[in-house]
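The values are calculated or read from the model by the stated rules, or taken from the named source; none is laboratory data. Values in this document were obtained by computation on a predicted structure and should not be read as measured data. Cβ placement follows ideal geometry from the backbone for every residue including glycine, while neighbour counts extend to all protein chains displayed.
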Amino acid sequence: MAYSDVHRAFLQSISHHGFISSKQALTILLSIYTKYHPDDTIPNEHHLLHVITSINAKIARYSQKIKLVRFEPNRTDYYVFCNLSDRTPADRLHTCYTDSEVAYFWLVLKEMACCDGQAASPFLCLYLSELITDKPRLSKVRAEELLDEWTRAGYFYPESNGTWILGVRTVAEFGQFLREKFEDKIHVCLLCKEATFYVRIV
């Protein structure tokens with residue numbers, strides 16, 4: 001199938017959400033097909049992979065990619081819309097957050113990446129806001145809002161034991177950066193040479 005409104009609508013949907021489960025992706029593709037190609041064959045996972053491959057070919061020149069990630073903590077496959085530019089995670093967030101908020105994100109990311117099992121307690125993450133000296137100061141209320149926002153966005157993931165780990169979006173988008181920055185803390189798969197967390201990147 002040539003690049004069409006199906007591809008554009010799917011790209012718009014995943015870029016809006018940031019990440020979606022493979023089940024959600026198939027549901028979205030089905031609704032798009034219903035709108036643009038109601039008489040075609042009902043799409044399946046093969047169609048989904050073909051659509052994503054075509055989209056990735058188009059958006060690669062913008063340092064973007066839709067990655068399939070197996071997130072082991074909840075045993076779910078996700079499609080993640082990734083910005084793969086050479087900028088650091090902090091630089092990528094500058095368009096949405098203040099310098100203090102970006103510095104806070106960096107501290108939380110660093111703490112999780114360097115702790116055993118890449119896990120940290122929410123209380124420790126909240127305390128890290130005290131270390132931000134940039135003006136304006138980051139209030140505890142704002143820090144809590146940011147942690148909730150970043151968790152919903154897939155950057156952090158709350159485990160059932162009360163700790164937070166690196167989320168599916170952090171691993172997909174910043175995995176290589178974390179591997180290079182914290183090479184003594186991040187394990188690398190001997191077979192695929194990818195950073196290993198709780199996920200398998202395909």
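For Ala103, the test of being touching a Phe, Trp or Tyr at 6+ places or on another chain (Cβ under 6 Å) and under 22 Å from Gln176 (Cβ atoms) is failed. Just to be sure, is Pro43 surrounded by 13 or more Cβ atoms within 10 Å (Cβ to Cβ), part of a loop (DSSP other than H, G, I, E, B) and at pLDDT below 95? When the stated conditions are applied, Pro43 passes them. Output the residue which, of all residues in the stretch 46-66 that are closer than 17 Å to Ser13 by Cβ and among the aliphatic types (A, V, I, L, M), is surrounded by the fewest Cβ atoms within 10 Å (Cβ to Cβ). Step by step, filter the stretch 46-66, then rank; the result is Leu49. Would you confirm, using the coordinates I've provided, whether Ser100 is surrounded by fewer than 17 Cβ atoms within 10 Å (Cβ to Cβ), more than 24 Å from Lys67 (Cα to Cα) and out of contact with any His (no Cβ under 7 Å at 6 or more places or on another chain)? Taking the combined requirement at face value, the residue does not satisfy it.
Among the residues making up the stretch 6-25, a single one is of a type outside the set (A, V, I, L, M), surrounded by 20 or more Cβ atoms within 10 Å (Cβ to Cβ) and within 15 Å of the chain's Cα centre (by Cα): Phe19.
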